[in-house]
Amino acid sequence: MATATSIVRSPAALLSAKVTVSDHKPTPTVQFSRFPSKRSCFTALLSSLHDNNNDDDNNNNVISHPKPLSSSQLFNSVSNGSRLRVAYQGVRGAYSEAAAEKAYPNCEAVPCDQFDSAFQAVEKWLVDRAVLPIENSLGGSIHRNYDLLLRHSLHIVGEVKLAVQHCLLANHGVQLEDLSRVLSHPQALAQCENTLTKIGLSREAVDDTALAAKHVALHKLKDTGAVASSSAAKIYGLNILAQDIQDDCDNVTRFLILAREPIIPGIQNPFKTSIVFSLEEGPGVLFKALAVFALRQINLTKIESRPLRNQPLRAADDNNGSKFHPDCVDVF
Ligand SMILES: O=C(O)C(=O)C[C@]1(C(=O)O)C=C[C@@H](O)C=C1
């Protein structure tokens with residue numbers, strides 16, 4: 001069990017509650033809110049009130065949202081008698097596939113070549129949900145997905161944590177001393193940094209761990225291994241040369257569950273909220289923004305800062321001599 005915090009609907013209506021989150025279930029979260037400017041912040045607040053009142057959506061000034069998911073729909077892996085389709089990045093045997101199946105045990109896990117394709121698959125109604133990695137206990141944040149969350153209009157409706165245990169895989173008959181190179185996802189290579197350095201293998205990044213295993217098997221490579229899961233070894237017929245090669249035995253990746261529809265937070269489940277905002281530069285702006293949470297006893301579980309793409313880096317000695325200008329601060 002872990003402790004987390006709730007609930008922020010908008011900067012104008014802050015509520016907080018200390019809650020307990022089970023690690024074993026997907027944690028429901030309210031929608032991914034964006035407050036890039038005062039104007040859009042106001043729009044977001046208006047549309048959220050509009051949804052809650054269930055009014056007819058005839059007003060063009062108010063953004064219309066898809067119908068929100070209910071908490072019971074959220075955990076149902078069967079919709080209308082058919083299996084829920086859940087997009088993940090990678091090929092069969094990727095950790096993301098295991099995360100999708102952990103989030104929705106009876107789902108049809110749908111492989112996507114890139115993170116962006118998984119976002120698009122949900123937006124184009126090809127699948128019902130996407131399950132994508134957002135941070136790892138050893139490797140840190142997966143920035144690509146933070147940036148994609150800003151570019152797409154999907155909602156975070158839950159999260160799932162997966163213990164990641166890496167294996168060193170090779171073709172049958174290949175010994176550890178035959179290997180000079182290893183392929184894997186960059187995060188997986190980072191999570192095994194110490195072990196791979198000790199063995200003395202050069203590293204090459206590919207799109208996902210299972211793809212690395214598939215490549216080694218398909219091309220019958222004798223000098224190249226793959227860092228991937230034991231299920232990838234089974235699927236692609238590879239031998240496990242070493243198990244649990246990650247640098248820390250507590251290697252956990254947190255995945256977000258994304259949907260077209262937001263969910264309405266209920267009181268029966270704990271809720272976590274993600275907010276994105278940018279700040280005008282000036283002394284103490286970040287301190288003041290964070291004080292809003294501190295003064296209401298809201299426990300922040302993660303803070304992430306991303307560059308604003310449409311603004312070049314600001315010089316360190318401009319304006320009032322302030323050396324640090326956070327371009328964008330995301331509170332998760
Ligand atoms: O390559 C995979 O198997 C993935 O699912 C991707 C991914 C990641 O993006 O972090 C997921 C979990 C592990 O941390 C390593 C890689």
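The values are calculated or read from the model by the stated rules, or taken from the named source; none is laboratory data. Only a predicted model underlies this, so the values are computations on that prediction, with no experimental measurement involved. Note that we place each Cβ from the backbone using ideal geometry, even for glycine, and neighbour counts take in every protein chain shown. The protein model used for the area step is the full one, side chains on, heavy atoms only, and it has no ligands, DNA or RNA in it. Shrake-Rupley method; radii C 1.70, N 1.55, O 1.52, S 1.80 Å.
Calculate the translational D of the stretch 167-243 in whole µm² s⁻¹ from Stokes-Einstein, where the hydrodynamic radius comes from the Kirkwood formula applied to all Cα pairs, the temperature is 4 °C and the viscosity 1.567 mPa s.
Numbers: Rh = 11.7 Å.
Rounded to a whole number, D works out at 111 µm²/s.
Quick one: accessible area per residue over the stretch 167-243, 1.4 Å probe, rounded to a whole number of Å²?
So the stretch 167-243 comes to 47 Å² accessible per residue, rounded to a whole number.
Anything over 29 Å Cα to Cα? Flag those among Lys102/Lys288; Lys214/Lys302; Lys198/Lys302; Lys161/Lys288; Lys198/Lys272; Lys102/Lys234, in the order listed.
Working: Lys102/Lys288 39 Å; Lys214/Lys302 35 Å; Lys198/Lys302 32 Å; Lys161/Lys288 32 Å; Lys198/Lys272 40 Å; Lys102/Lys234 19 Å.
Distance filter (> 29 Å) returns Lys102/Lys288; Lys214/Lys302; Lys198/Lys302; Lys161/Lys288; Lys198/Lys272.
Between Glu280 and Asp223, what length in nm is gained on full extension when 0.36 nm per residue of separation is reduced by their alpha carbon distance?
Contour length minus the Cα-Cα distance gives 15.2 nm.
Which ³J(HN,Hα) values, rounded to whole Hz and listed in residue order, are derived for the stretch 102-118 from phi using the Karplus coefficients 6.51, -1.76 and 1.60 in 6.51 cos²θ - 1.76 cosθ + 1.60 with θ = phi - 60°, glycine and proline given as x?
Here the 3J(HN,Hα) series is 6, 5, 9, x, 9, 6, 9, 7, 10, x, 10, 6, 10, 4, 4, 5, 5 Hz.
Of all the accessible heavy-atom surface of the stretch 167-243, with the other protein chains kept in place and a 1.4 Å probe, what percent is carbon and sulfur?
51
Name all residues of the stretch 93-115 having a backbone nitrogen under 19 Å from the label point set 7 Å from the Cα of Val252 along its Cα→Cβ direction, giving them as ranges.
95-104
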